[in-house]
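Since the structure comes first, as structure tokens, the remarks are kept for the end.
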Amino acid sequence: MKYETQKVALPFFMVAMALFALQIVFGLLAASVYVWPNFMAELMPFNIMRVSHTNLLIVWLLIGFMGATYYLMPEEAEREIHSPTIAYIQLAIFAFAGAAALVGYQFGIHEGREFLEQPFWVKVLITISFLMFLFNTSMTLLKGRRTAINLVLMLGLWLAAVFWLFAFYNPSNLAVDKLYWWWVVHLWVEGVWELIMASLLGYLLIKMTGVDREVIEKWLYIIVGLSLFSGLLGTGHHYYWIGAPSYWQPIGSIFSTLEVIPFFAMVVFAFTMFWKGSRNHPNKAAMLWALGCPTVAFFGAGVWGFMHTLHWVNYYSHGTQVTAAHGHLAFYGAYVMLMLGIISFAMPQLRRVQPYNQVMNMWGFWIVTGAMCFMTFTLTFAGVVQTHLQRVLGMNFMEVQDQLVLFYGMRLGSGIAVAIGSCLLLYAFFGPAREQVPAGGTQLTAGADRA
Amino acid sequence: MADGLTKSAARNIFYGGSLFFFLLFAALTAHSHWYMVNTSTDKEGLTESVVEGKHIWEKNMCINCHSIMGEGAYFAPELGNVWERYGGHQNPEAARAGLAAWIRAQPLGTQGRRQMPAYDFSDEEMSALIDFLEWTDGIDDQDWPPTPAG
């Protein structure tokens with residue numbers, strides 16, 4: 001850690017990981033209801049579990065993005081963070097808003113549009129906190145060195161804030177409501193968040209592989225270009241069945257098919273840089289995440305997205321468990337693995353210790369990633385059966401659900417495995433520091449005294 | 001890759017191309033907005049009661065169990081075409097009565113069946129919610145879903 005103010009990232013990562021743990025708890029509760037339908041029916045209806053599960057994901061990812069930005073900005077801009085005080089205050093506001101929303105949900109206090117359920121005043125607090133964050137990091141950038149990494153990252157964050165404003169617009173016409181709802185939801189996760197993802201990956205690769213910055217930054221512009229060229233009109237795949245004109249069917253099919261390309265490019269990018277790299281970075285766990293993230297994102301977002309994106313396929317599969325399968329692996333691969341990778345990379349430096357507990361971190365990687373893949377497979381099978389029975393044969397929804405119990409059981413099992421793997425990860429991040437020597441011998445660990 | 005391409009050229013392509021595709025997307029969205037308001041949805045039928053029904057739908061966060069036009073939680077049945085499923089096209093009065101009776105009967109308490117919570121709607125609220133579902137069923141959505149099962 002070259003700059004003292006990089007340490008403001010630590011509380012962000014701690015809050016993010018606490019909310020990540022809670023997200024898994026609510027996921028397990030909701031998965032249990034799928035297996036035992038009467039489970040907690042009186043105590044906590046399913047919609048409360050589900051809103052908590054999805055909102056916690058969004059909030060912890062945003063807090064993670066902010067922490068990651070505070071961590072890398074001093075190194076990239078070559079100056080200290082404009083104001084650590086603002087950073088702590090905006091984190092407190094954001095964490096308070098998130099916690100207030102979560103507690104409110106348990107008492108039925110919420111708005112009613114999917115993912116945007118936060119009460120109005122919570123949305124306002126989130127906006128204020130995010131603007132404070134943008135001001136703080138932009139001031140740092142403006143006075144410091146501008147690189148492709150920090151410019152693309154800040155562009156992604158600013159655009160995320162701009163599109164978030166559509167969360168405040170709720171037209172009374174349901175079709176129009178959905179039209180602009182996707183301006184937040186799609187333009188975030190399949191648009192500007194990809195800018196954040198690509199730039200954070202680029203940062204990790206520069207740090208860990210030692211490949212020339214010029215090469216990595218050129219790749220970065222190509223990838224984010226491909227993301228937006230495909231992703232903006234790719235929104236059309238959400239406009240097939242909501243009362244929009246029929247031209248979205250060819251436009252959405254073509255451009256959302258092209259959305260696979262930037263994800264594939266990120267895989268090629270990460271592995272090429274890894275092979276070209278001359279630096280043997282001691283943080284093997286972070287390197288594993290940096291390679292795993294684009295790989296799983298390619299399958300979860302790219303392949304599983306493509307599987308049901310063509311309009312004549314989507315006509316049958318839309319809104320089934322196929323969508324749930326895609327949603328889980330896409331978010332995990334693209335954004336959860338990204339944040340876990342950044343945290344794996346940053347924590348040893350933030351704690352001023354050698355990379356440690358690598359083996360436990362890597363066990364966590366394989367258990368959580370394997371379990372998420374298994375969960376995705378079970379939901380995919382459930383979705384295919386559901387699509388055939390309900391959308392082709394026209395069988396009643398509840399009867400079809402009764403046919404899927406086996407898959408839901410396996411999904412709960414994989415959820416438990418995710419929880420176990422996540423415990424290992426949290427222990428590896430925050431537990432007692434312990435040095436471990438890689439199999440290659442002490443010469444592989446960093447530091448002048450070790451050569 | 002792309003050795004002939006310099007970093008600044010890649011950057012300019014990114015900014016220029018993104019702006020182009022954004023403007024195109026915004027223009028198509030504006031047209032879709034106009035099309036939805038004037039063609040694919042029932043402009044005159046969007047009464048105060050339908051708007052109130054949408055508000056009730058949101059206030060009770062129905063979206064986090066049900067789906068509507070395929071979007072939502074997939075835990076409970078699709079409601080974008082529930083009006084059709086209850087025979088609203090043939091016999092609107094019977095469909096209204098059926099939907100209201102079903103909602104009032106919750107929770108069923110059946111073991112081994114997903115439970116819908118009880119909602120204490122006034123007659124007016126119930127009527128508004130059903131108006132909203134009826135209006136939604138009327139949206140011209142390219143003939144989705146493929147079967148009445150939703």
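The values are calculated or read from the model by the stated rules, or taken from the named source; none is laboratory data. All values reported here derive from a predicted model rather than from experimental measurement. Glycine also receives a Cβ, built like all others from the backbone with ideal geometry; neighbour counts cover every protein chain displayed. Ligands, DNA and RNA are excluded from the accessible area calculation, which covers all protein heavy atoms including side chains. Shrake-Rupley method; radii C 1.70, N 1.55, O 1.52, S 1.80 Å.
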32 Å Cα-Cα threshold exceeded, pairs from A:LYS178/A:LYS218; A:LYS178/A:LYS207; A:LYS2/A:LYS284: A:LYS178/A:LYS218; A:LYS178/A:LYS207
Shape call for the stretch A:51-106 from the C-alpha gyration tensor, a ≥ b ≥ c root eigenvalues: rounded (a/c under 1.5), prolate (a/b greater than b/c) or oblate? oblate
Would you mind getting me the FRET efficiency between B:ASP123 and A:ILE416? Use the beta-carbon distance for r and R0 = 45 Å, nearest 0.05. 0.50
What is the spread of the Cα atoms of the stretch B:15-150 along each of their three principal axes, largest first, in whole Å? 59, 35, 29
Could you sort B:36-44, A:106-114 so that the peptide with the highest average Cβ count within 10 Å comes first and the rest follow in order? A:106-114, B:36-44
Mean-square fluctuation check for chain B, GNM, Cα pairs under 10 Å: which of B:THR110, B:THR136, B:THR47 is largest? B:THR110
Where is the GNM fluctuation largest for chain B (alpha-carbon springs, 10 angstrom cutoff): B:GLU125, B:GLU134, B:GLU93? B:GLU93
What quantity of accessible surface, computed with a 1.4 Å probe and excluding non-protein components, is buried in total between chains A and B, in Å² to the nearest 100? 6700 Å²
Taking just the C-alpha trace of the stretch A:312-361, give me its Rg and Dmax in Å. 17.7, 54
Net charge, A:SER172 excluded, C-beta distance under 12 Å - Lys, Arg +1, Asp, Glu -1: -2
7 Å from Cα along Cα→Cβ at both B:SER8 and A:ARG213: what's the point-to-point distance in nm? 1.7 nm
Which residues in the stretch A:1-31 place their backbone N less than 20 Å from a point set 7 Å from the Cα of A:LEU43 along the Cα-to-Cβ direction? A:21-31
Can you pull the one-decimal nm distance between simple spin-label points at A:ASP402 and B:ARG113, each 7 Å off the Cα toward Cβ? 0.9 nm
Residues with amide H under 5 Å of B:GLU78's amide H, sequence separation 5 or more or different chain, H placed in the peptide plane at 1.01 Å from N; which? B:SER67
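How many percent of the alpha carbon pairs in the stretch A:228-378 exceed a separation of 24 Å?
Values: 4723 of 11325 pairs.
Here the long-distance tail beyond 24 Å is 42 percent of all Cα pairs in the stretch A:228-378.
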Rounded to whole Hz, the Karplus (6.51, -1.76, 1.60) HN-Hα couplings of the stretch A:141-155, x for glycine and proline: 5, 4, 8, x, 6, 9, 10, 4, 4, 6, 6, 5, 4, 5, 4
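Between B:LYS59 and B:ASN91, 0.36 nm times their residue separation minus their Cα-Cα distance comes to what? Kindly include the intermediate steps, with their values, before the conclusion.
Working: separation 32, 0.36 × 32 = 11.52 nm, distance 2.86 nm.
Length difference between fully extended and current span is 8.7 nm.
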Calculated FRET value between B:VAL37 and A:LEU28, using beta carbons and R₀ = 45 Å, to 0.05: 0.55
Give the peptides A:386-399, A:326-339 in descending order of average Cβ contacts within 10 Å, highest first. A:326-339, A:386-399
Cα convex hull of the stretch A:1-130 - mean projected area over all directions, nm²: 8.4 nm²
Ranked by how many other beta carbons lie within 10 Å on average, peptides A:253-264, A:28-39, B:111-122, A:422-433 from highest: A:253-264, A:28-39, A:422-433, B:111-122
Averaged over the residues of B:51-62, the number of partner chain Cβ atoms within 10 Å of each residue's own Cβ comes to 4
Pop a pseudo-label 7 angstrom from the Cα along the beta-carbon direction at both A:LEU142 and A:ALA92 and give the gap in nm to one decimal. 2.5 nm
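Compute the convex hull volume of the Cα atoms of the stretch A:73-157, divide it by the residue count, and report the result per residue in Å³ as a whole number. Each step should come with its number before you reach the end.
Details: hull volume 7.8 nm³, N = 85.
Measuring per residue, one finds 92 Å³ for the Cα hull of the stretch A:73-157.
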Residues of A:167-173, mean number of Cβ from any other protein chain within 10 Å of their own Cβ, rounded to a whole number? 4
The extension gain from A:SER172 to A:ALA100, computed as 0.36 nm times the residue separation minus the Cα-Cα distance, is 23.2 nm
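Given a Förster distance of 41 Å, report the FRET efficiency between A:CYS423 and A:PHE120 from their Cβ-Cβ distance, rounded to the nearest 0.05. Please report the intermediate quantities before stating the final value.
Details: r = 36 Å, r/R0 = 0.88.
For R0 = 41 Å, the calculated efficiency reads 0.70.
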Cα Rg, Dmax, chain A, angstrom units: 21.7, 70
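Compute and list, largest first, the equivalent-ellipsoid semi-axes of the stretch B:27-103 from the alpha carbon gyration tensor, each √(5λ) rounded to a whole angstrom.
On the way: eigenvalues 114, 61, 33 Å².
They are 24, 18, 13 Å, listed from largest to smallest.
Using only atoms on other chains, find how many Cβ atoms lie within 10 Å of each Cβ of peptide A:36-46 and report the average.
Whole-number average of other-chain Cβ neighbours for A:36-46 is 4.
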